[in-house]
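*Asks:* The structure's right below; bear with me while I get my questions together.
The values are calculated or read from the model by the stated rules, or taken from the named source; none is laboratory data. Small disclaimer: the values here were computed from a predicted structure and weren't measured. Cβ: placed from backbone, ideal geometry, glycine included. Neighbour counts: every protein chain shown.
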Amino acid sequence: MKKFLVLLVVAVVVLAAIVYFSGLFGKKEAVAPTGGEPTSAEDNAPSGITSLSEQPNIGKFNEYFKTLYLGKIPAGQELGAGVVPQITLVFKEGDQFCTVLEAKKTIPAGAYASALYDIDSKTYVKEKMVFPEEFPIGASAGCGELPAPAGKYEYKAYLNDVPVMVLPFEIK
């Protein structure tokens, strides 16, 4: 029995390492969230977005999250001990698309999911994807390439299939 448990733990660690190093979910590291203000309203306000496609459950959000926002860092920059500014609703070529969250409670593996919704075509560009990793209490971030071509979108965050945040943004 003891040998079986050791093999099981090793298998889980190997699987976690494969997922982490495959880049499938982007790079995720602890960061310090900010309450930064946009540097320019024109560069950071999506145009013509007036309503959300679905309403998030604010109570569930407040139970599990201190904050959840989109941010950007320049192409080629690595996530590290720095801060991902909470200013971005408009992305341009050369930006890395970042998602930053700060959990109040541990979010179990498989509970958090996200999707990318095209506002104009009313279709999902990226269907709901469940994250297999646990999110511990504190800040986490992931950055990667822009997730879609130019257009208007919503980043949707779910906790156990319940929408907890809908963030409109634009890619120019």
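*Asks:* Taking region 57-102 as the region of interest, how many residues are part of a loop (DSSP other than H, G, I, E, B), within 20 Å of Asp120 (Cα to Cα) and modelled with pLDDT of 90 or more?
*Replies:* Looking only at that region, the number is 1.
*Asks:* For region 106-172, give me every one of the strands (runs of 3 or more DSSP E) that falls completely inside it and has 3 or more residues that are charged (D, E, K, R).
*Replies:* Those strands (runs of 3 or more DSSP E) span 123-130, 151-159.
*Asks:* Shifting gears a bit: Going through region 136-156 one residue at a time, which ones are closer than 16 Å to Phe65 by Cβ, crowded, with 20+ Cβ neighbours inside 10 Å and at pLDDT 95 or above?
*Replies:* Result: Tyr155, Lys156.
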